[in-house]
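**Student:** Okay, here's the structure, questions in a sec.
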Amino acid sequence: MSLWRRLSLFWRLFLPITLLIICSGSLRIWVFLNEERVNQTSTLQHSLEVAAATLQPIIARGAITGDYATVQAQLEREVRLRPYLARAEWRLESGQLVAESPPVQQTVPVWFDRLSGIQAFEISNRVELGGVDYGELILSCNPQRAQSLIWDRVLARVASLGGIILALFALLALILRTSLSALTRLVDASGQFLQDHGTRVIVGGAREIQHLGNAFNAMADEVEATLKALAEAQASVEKEAELNQVTLMSIGEGVITTDAAGLVTQMNPVAEQLTGWSLAEAVGKPLTEVFHIVRETSREVAINPITQRLKGARSTKLGTGLLLISRDGNQTLIEDSAAPIRAENGDIFGYVLVFSDVSEKRALQKKIGWQATHDALTQLPNRSLLADRLKQAVARSDRGQQLMAVGLLDLDEFKPVNDRLGHASGDQLLKLAAGRMLETLRSTDTLARLGGDEFVLVLTDLTSLDEAEAIFQRLLDRLAEPYNLDAEVARVTASLGFTLYPLDQVDPDTLLRHADEAMYTAKHAGRNRYHLFDAQHDQKRQLHQERTTTIGQALSNGQFELFYQPKVDMRQGRVTGFEALARWRHPERGIVSPAEFLPYIEDNDLGSALGRFALETALSQIVDWQRSGHRDWSVAVNIAPHHFTAPDFLDDLRQALSKFPEAPAESLELEIVESAAIADLEHAATVVDACHDLGIRLALDDFGVGYASLSYLKRLPVDILKIDQSFVRDVLDDSGDLAVVEAVIALSNLFGREVVAEGVEQAEQYVLLLRLGCHMAQGYGIARPMPAYAVTSWAADWEPDPAWTVWADNQWEMSDFPLLVAQYDHRRWVQSILQVLDEKHLSPEQQTLIEHHALRLAEWYKNHGQHRYGHLATFREMEPLYAEAHRTGREILRLHREGRLEEAKKQAHHLTDLKIRMLDSIASLQREALRTGGAPKRTKPAV
Ligand code: C2E
Ligand code: CA
Ligand code: CA
């Protein structure tokens, strides 16, 4: 086997093949030999038989004749001629005749002779003729000839076999040579590769060898790359290790590493110094021996974090307040932490413990702690410590149900002293003041400096307000005493605001804020005094603030919308536009009107926000109406004074306009109140001018209630005056109001301004206003403000009062005015009586109102009416109607008083009926009066 291993490929192939060929060749030769033997033997046999057959008759004849010589000759001849015949003998009883071939030279090797196996043999035949026996003929064969024949043949075969083997040999050698050269190259390359990883083999030879070559090259590539990466990794690991080592040696913290069992493996110089162990001594020692720590306060031995880990703790927190006891007994305050070192698979193979000397840090912390909580100048607690103390004081007050005062004190006139004498003197003064205060206060009180000349006082465990006041007064008195400064003797006083807890039950921050507010009040009240915070007033303010916030949120959440109230031109009987009135659509309360939200936002920026909202909404509404064909409808937007006078009002306006380029500016009107204009008339006038430049018209709202003087009106170029509704409301009842309305109308005519009456509710008011020359009106009498969606259908249904056309184009005569009043009185009188029925009791005002109208109507009928219209039939026909109405009204009131409500209600129908007829009469009286010029025609009876 070992021999086989040592054989080269060639011999491994060649030997077995050769052996196989030899074996099969030998077998074939063997078979061939056997065949030949049988063949040759039978040929010999046959030849002997032929010779016997030839010789027999001759012998017989010779015996008969006795010619023995011939027989002899014949025998010899036969032997001579037939090479396979070795001997021929004729044996008689009497003797014998023999012929023998001369001995033949042996040509076949002896071994082959034996191998071929052809033996010499003889045949004997009786010689007979005619039944007579002439002796016996014995013929012996000579096998040598056959043997050499076979030998020759075998030799030929062996030769051919040898040839085949040779040819095979050559062929194999040829094939192997080519393949082996490729293999040899591979072998060489492999050897070379060890020296040079760049070595690659040239791929050739048989397919398998090509594969092998390719595989080798691929493997070589990989090996080369891997080796390169390995080298790089090693280089970086070495570098890192070096870096780590340097870091470890140079960091300011002590570092000790251990193995998984907690035995020290590494230590840096800081650790060496702090523990008193050298690395060499420490390596292999248990950590607890090298790193000995105790708790700072209790002095009990502390377990180091690695030991904790080893005992199974899952996380080790940073330890603080630990003392490291070094080998020579030195103690160092340290902080430490530990972390396991893990192999990539997560196994822990060691720990690293990091600790540092924190003694200095601690000292610094203490110092910083003091600085952080105290004022450097006065050494008093500062704001942050105060917050602490205040919290504690509140808690103590809560526990003990004790009164506590929180005061904020500010020196009066400190700044001038500081400016005049310089900061050094200022600081001196502050220190002295702080000292005086500390003297005055009780030891349980807290005095803190907030900064500048502001101090906070916290007085705990008070029994009454008086006690606090007494302390504060002493404090103020003491502070007011002269200060002996280096520069001069200075005098300053202080103002103090304070609040009492728990009467003012708020959080500490708010307590301070309240004290601050009270301090400002004290300042405003003349300084050098204290002032107690008014919690109630503050609550109101806070409520106000909260509402403001809620409203602001509602505004930004889109809960606001605009309602529209129509403005009509009574002379033309058409709607000219609308006033936009803000509404808050409250999710729970429904529609909320401006009176409930305006006071909270009017004077702050929310008012401006509402203004912007109103402007944009109105403009978008204008666009809508323009599109639906209502091109002549204007929209008037109310602008709060705060917004109107704000510097960015015009920007807001322009921006709103630019958002709705389709809306003509001419359709927009702005309504401002006098107060917006009066504060800064110059500015107001420029804004109004700017609005005009944009094409927008302006109205002065609520005109008449303010201080508007002629000169204002002259300088403020507004386009429209809106008579305030308070005058319109009572225009029929109050001659003063009537005078104002007339004056405003006259004024607007004078200055060429349009005039609009608002708050017009009664039909007579419209007519009166029309007659007075104010043909623009707005009020519940026409329509209440309505949501945008309702406007167009309202406008489609609306019809102007027919009375307007009647009165529109005629010259008003003041003498006919009482007729209008009479009509109004009658309606109001009936209205009041009917109203009474809905309510249980008559209020004194209702009582007077009813009487007022009844009386004035009666008066008119008797005097002015009789005098002016007495000649007209219509007037005379009114008499019984009037009497009947009067009687029914009184009857209803009586029934009502007696509690007979049902009966009273029945009468009410009758009264309504009478009212209609009466008003009809008054209307025709008016028409008649108009037709006749209103003058009494005493000469001609009325139609
Ligand atoms: P204003 O500008 O004088 O508006 C007229 C007020 O009178 C409206 O009250 C209107 O509903 C009411 N009114 C109209 N006709 C009659 C009437 O015949 N009888 C009576 N008794 N009242 C009538 P509203 O809508 O409650 O608004 C109140 C005030 O709130 C407005 O007075 C206006 O000054 C202010 N306001 C309304 N909307 C806005 C707004 O969008 N912005 C600003 N800044 N103020 C607004
Ligand atoms: Ca208005
Ligand atoms: Ca108004």
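**Student:** Between the stretch 1-41 and the stretch 112-150, what is the separation of their alpha carbon centroids in Å?
**Tutor:** Going from one Cα centre to the other spans 37 Å.
**Student:** Could you give the accessible area per residue of the chain, probe 1.4 Å, as a whole number in Å²?
**Tutor:** 53 Å²
**Student:** Go through 865-874, 783-792 and give me the packing order, highest mean Cβ count within 10 Å leading.
**Tutor:** 865-874, 783-792
**Student:** Now for a separate question. Please work out whether the stretch 430-506 counts as rounded, prolate or oblate from its C-alpha gyration tensor, where a ≥ b ≥ c are the square roots of the eigenvalues and a/c under 1.5 means rounded, while otherwise a/b larger than b/c means prolate and anything else oblate?
**Tutor:** prolate
**Student:** In straight Cα distance, which lysines are under 18 Å from LYS415, not counting same-chain residues fewer than 8 positions off?
**Tutor:** LYS431, LYS523
**Student:** Another one. Testing the spin-label approximation: label points 7 Å from Cα along Cα→Cβ at ARG887 and ASP347. State their distance in nm.
**Tutor:** Label-label distance for ARG887 and ASP347, simple model: 12.7 nm.
**Student:** Could you tell me which of PRO664, SER711, ALA684 has its Cα farthest along the dipole of the stretch 664-724 towards the positive end, charges placed at Cβ (Lys, Arg +1; Asp, Glu -1), taken about the Cα centre?
**Tutor:** Going by the charge dipole, the pick is SER711.
**Student:** Could I ask something else about it? Just the number, please: carbon plus sulfur as a percent of the accessible area of the stretch 314-452, 1.4 Å probe, no ligands or DNA/RNA counted.
**Tutor:** 51 percent
**Student:** So, R0 is 22 Å and r is the distance between the beta-carbons of VAL806 and ARG876; what FRET efficiency does that work out to, to 0.05?
**Tutor:** The calculated FRET efficiency here is 0.50.
**Student:** Cross-link candidates for LYS906: which aspartates and glutamates have Cα within less than 18 Å, leaving aside residues fewer than 8 places away along the same chain?
**Tutor:** ASP838, GLU839, GLU884, GLU891, GLU898
**Student:** Distance between Cα centroids, the stretch 654-690 to the stretch 728-797: provide it in whole Å.
**Tutor:** Spelled out, the Cα-based centre of one part sits 23 Å from the other.
**Student:** Shifting gears a bit: Simple spin-label model, 7 Å along Cα-to-Cβ: HIS909 to HIS692 in nm?
**Tutor:** 6.2 nm
**Student:** Still on this structure: Which chymotrypsin sites (Phe, Trp or Tyr not before Pro) in the stretch 699-785 pass both tests, a DSSP loop state and at most 10 other beta-carbon atoms within 10 Å?
**Tutor:** TYR707
**Student:** Read phi for every residue in the stretch 50-59 and hand back ³J(HN,Hα) as whole Hz from Karplus 6.51 cos²θ - 1.76 cosθ + 1.60, θ = phi - 60°, with x for Gly and Pro.
**Tutor:** 4, 5, 4, 4, 5, 6, 3, x, 5, 5
**Student:** Below 8 Å between Cα atoms, with a sequence gap of 6+, how large is the relative contact order for the chain in percent?
**Tutor:** 5 percent.
**Student:** What size of dipole, in debye to the nearest 20, comes out for the stretch 215-356 about its Cα centre when the only charges are +1 on Lys and Arg C-beta atoms and -1 on Asp and Glu C-beta atoms?
**Tutor:** For this selection, approximately 740 debye.
**Student:** Oh, and also: Before rounding to the nearest 500, sum -39500 (n - 2.57) across all DSSP H runs of length at least 4 in the chain and divide by the residue total; then give [θ] at 222 nm in deg cm²/dmol.
**Tutor:** That comes out to -18500 deg cm²/dmol.
**Student:** Right, something else. What's the extension gain from GLU93 to GLN401 if we count 0.36 nm per residue and subtract their Cα-Cα distance?
**Tutor:** Here the answer is 92.8 nm.
**Student:** Once you've got the Cα coordinates, tell me which of LYS567/LYS722; LYS862/LYS915; LYS722/LYS915; LYS239/LYS285 are over 22 Å apart.
**Tutor:** Correct reply: LYS722/LYS915; LYS239/LYS285.
**Student:** I'd like the distance separating the alpha-carbon centroids of the stretch 183-254 and the stretch 513-557, in whole Å.
**Tutor:** Between the Cα centres of the stretch 183-254 and the stretch 513-557 lies a distance of 83 Å.
**Student:** Report the calculated FRET efficiency for VAL283 and LEU230 (r = Cβ-Cβ distance, R0 = 35 Å), to the nearest 0.05.
**Tutor:** My answer for the efficiency is 0.70.
**Student:** How high is the FRET efficiency between ILE64 and ALA156 when r is their beta carbon distance and R₀ equals 41 Å, given to the nearest 0.05?
**Tutor:** Efficiency, rounded to the nearest 0.05: 0.25.
**Student:** Further question: Going 7 Å from the Cα of ASP680 toward and past its Cβ, which residues in the stretch 691-725 have a backbone nitrogen under 14 Å from where you end up?
**Tutor:** none
**Student:** At a Cα cut-off below 15 Å, give the aspartates and glutamates reachable from LYS659, other chains included and same-chain residues fewer than 8 away excluded.
**Tutor:** LYS659 reaches GLU616, ASP624, ASP651.
**Student:** Cα axis of helix 144-195 to longest principal axis of the chain: angle in degrees, 0 to 90, nearest 10?
**Tutor:** 30 degrees
**Student:** Tell me which GluC sites (Glu not before Pro) from the stretch 549-652 have a DSSP coil assignment and no more than 13 other beta carbons within 10 Å of their own.
**Tutor:** GLU588
The values are calculated or read from the model by the stated rules, or taken from the named source; none is laboratory data. All values reported here derive from a predicted model rather than from experimental measurement. Please note: Cβ atoms are built from the backbone with ideal geometry, for glycine as well, and neighbour counts cover all protein chains shown. We work out accessible area using only protein heavy atoms, side chains counted, and drop any ligands, DNA or RNA first. Shrake-Rupley method; radii C 1.70, N 1.55, O 1.52, S 1.80 Å.
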